[in-house]
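What follows is one structure encoded as structure tokens, with my remarks underneath.
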Amino acid sequence: IYGSLVPLDYHALPWDTALAKFREIPFLELGIGSRADWMANLLLFIPLAFLWTGALAHGRHPLVAAALTLLVGLAAAALSLGIEFTQLFFPQRTVSQNDIAAEALGALIGITCWWSFGARLLTWHDGWRQAREPAALAERTAWVYLAALIGYNVLPLDLTISVVEVYHKWQEGKLNLIPFAGLPADPVHALFELATDAALWLPLAWLWRARPGRDNAQAWRMAFLAAAGLEFMQLFVYSRVSDLTDLFTAALGAGVGAWLGGRQFGRRHGKSGARPDSPHGLRLGLALAWIPLLMAVFWYPFDFRAEGAFVRERMDFLDRVPFQAYYFGTEFRAITEVFHKTLFFAPLGALLAWWVSGLSWRWRGYAGAASLFGVTGVALGIELGQVLLPGKYPDTTDWFLESVGGWLGYAMYNLFHRHLSPKPRHSRRIGIATPTQPVTGRRVNSPSSRHR
């Protein structure tokens, strides 16, 4: 509901006028540009109906489940009509019959999906919760990560199978068959794009390498083939650029991920002994070194301006409602910005969690709280610094997303540290001295030894 009403620019209308306008809302022709909006409305209602159907109908008597399923469908239709009617009072929003049709179809698909494989999803979820083997947890996480990559790479869902539209895509320069030919002219910007494209595939190969019996080459090959498949899928997304450069960056990122996974998981599989702990100072130093990297990413090209009038004008970002800036643009741009802000801050949280995990238990709580507050402080500093940069757009929404990214990185490190780290082996040995029992060559005839 909130996303359907942003930027919350309310204009009052008489009730009779609103009803008359609603009866006359048009059915718009779906061109290549509006296809993404239609798909976005459809996708928003699929999880809504899917989850509500499961929450209300799962495990109930078939007749009761059928009645509740019908109730979910009617409620989704009422919600769709209510949202579209309310948008009449917010002139910046577009009201059409297309949106109602897409949302109703999305609700129908969500309900159908629940009854098709909802029970299997619950079984899979229970297996996820009960998974304690590192390889099983890593394998499940890898497939979830790949699903997220697929979802992102087919955005904004302006799909096409028309040969003519694919030809126009090639004419518009969206098919780059010469590697590294489509990079930005600015070398820093080009290096940034190459590094981020490679980094996307590093976690996937690293996670796939956790499975016993899978070597570095197999993990690399799986990640590279996934990247090649996604690049082929992008050929049928009209607004996305298919570039052979992405295969080279994917090969590099997957290679680094497989190599890192081999170093970590090979030890756990018994190829070498326990891994020595890294010094606490090194861990904290790496976390602090990530902060200048964030400054470079979010402040480049560092053309700061400190004039009073300019700064006062730029401070109006504090008056924006959350996600207002993300409304002005495409759905793809919005989701890209969300990923951009969260994923760059996730390593900061993970590095701080790595540092905290090596501290004495007396200090871990204090250090953990300080780390989480520190992530929020760094995010605030990044956004305030962008106030002085003409080409940047400071936003409280970005501050929130960056903080969430750091917190997620902190939580994810702790999760994987518990399940993927080598467990110390405890052995019971005879002849170990205790404060009350010296080591001797004779058996100690104590009550506990006689009854042991």
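The values are calculated or read from the model by the stated rules, or taken from the named source; none is laboratory data. Quick caveat: nothing in here was measured; it's all calculated off a predicted structure. Here the Cβ positions follow ideal geometry from the backbone for every residue, glycine too, while neighbour counts run over all protein chains shown. The accessibility values were calculated without ligands, DNA or RNA, using every heavy atom of the protein model including side chains. Shrake-Rupley method; radii C 1.70, N 1.55, O 1.52, S 1.80 Å.
Taking a sphere under 11 Å around the Cβ of TYR300 and counting the other residues whose Cβ falls inside, with K and R at +1 and D and E at -1, yields a net charge of -1.
Packing order of peptides 8-21, 330-343, highest average first: 330-343, 8-21 (average count of other Cβ atoms within 10 Å over each peptide's residues).
Multiplying the residue separation of VAL297 and GLN92 by 0.36 nm and subtracting their alpha-carbon distance yields 70.5 nm.
Placing dummy labels 7 Å off each Cα toward the beta-carbon, the span from TYR167 to ALA306 is 5.9 nm. For ARG140 and LEU177, the FRET efficiency from 1/(1 + (r/R0)^6), where r spans their Cβ atoms and R0 equals 56 Å, is about 0.95. Assuming charge only on the beta carbon of Lys and Arg (+1) and of Asp and Glu (-1), the dipole of the chain about its Cα centre is about 4000 debye to the nearest 20.
With θ taken as phi - 60° and the Karplus curve 6.51 cos²θ - 1.76 cosθ + 1.60 applied, the whole-hertz 3J(HN,Hα) list for region 66-83 is 5, 5, 5, 5, 4, 4, 4, x, 5, 5, 5, 5, 5, 5, 4, 4, x, 5 Hz, x standing for glycine and proline. Relative protection proxy for 69-78, 182-191, from highest mean packing down: 69-78, 182-191 (other beta-carbon atoms within 10 angstrom).
For region 224-369, a crude dipole built from +1 on the beta carbon of Lys and Arg and -1 on the beta carbon of Asp and Glu, taken about the Cα centre, is about 920 debye to the nearest 20.
Legend: calculated FRET efficiency, PHE339 to LEU28, from the Cβ-Cβ distance at R0 = 35 Å, rounded to 0.05, equals 0.75. May I ask for the net charge around ALA334, where only other residues with Cβ less than 14 Å from the Cβ of ALA334 are counted and Lys, Arg are +1 while Asp, Glu are -1? With Lys, Arg at +1 and Asp, Glu at -1, the net is -3. Using the Cβ of ASP186 as centre and a radius below 15 Å, the other residues enclosed give a net charge of -2, where K and R count +1 and D and E count -1. Averaged per residue, region 112-186 has 63 square angstrom of accessible surface, using a 1.4 angstrom probe with ligands and nucleic acids left out. Using a simple spin-label model with pseudo-atoms 7 Å out from Cα toward Cβ, LEU8 and ALA411 lie 2.4 nm apart.
Based on Cα contacts under 8 Å between residues 6+ apart, region 266-416 shows a relative contact order of 35 percent.
In the chain, a dipole from Cβ-located charges (positive for Lys and Arg, negative for Asp and Glu) runs towards its positive end, and of TRP201, ALA217, ILE382 it is ALA217 whose Cα lies farthest in that direction. Between the residues ILE100, GLY73, THR17, the greatest Cα displacement towards the positive end of the dipole of region 1-144, with unit charges on the Cβ of Lys, Arg, Asp and Glu, is found for GLY73. In percent, rounded to a whole number, the relative contact order of the chain is 14, using alpha-carbon pairs under 8 Å and six or more apart. For the chain, with all protein chains in place and a probe radius of 1.4 Å, 67% of the accessible heavy-atom surface sits on carbon or sulfur. Take the Cβ-Cβ distance between ALA217 and PHE248 as r, set R0 to 22 Å, and report the resulting FRET efficiency rounded to the nearest 0.05. Once rounded, the FRET efficiency stands at 0.80.
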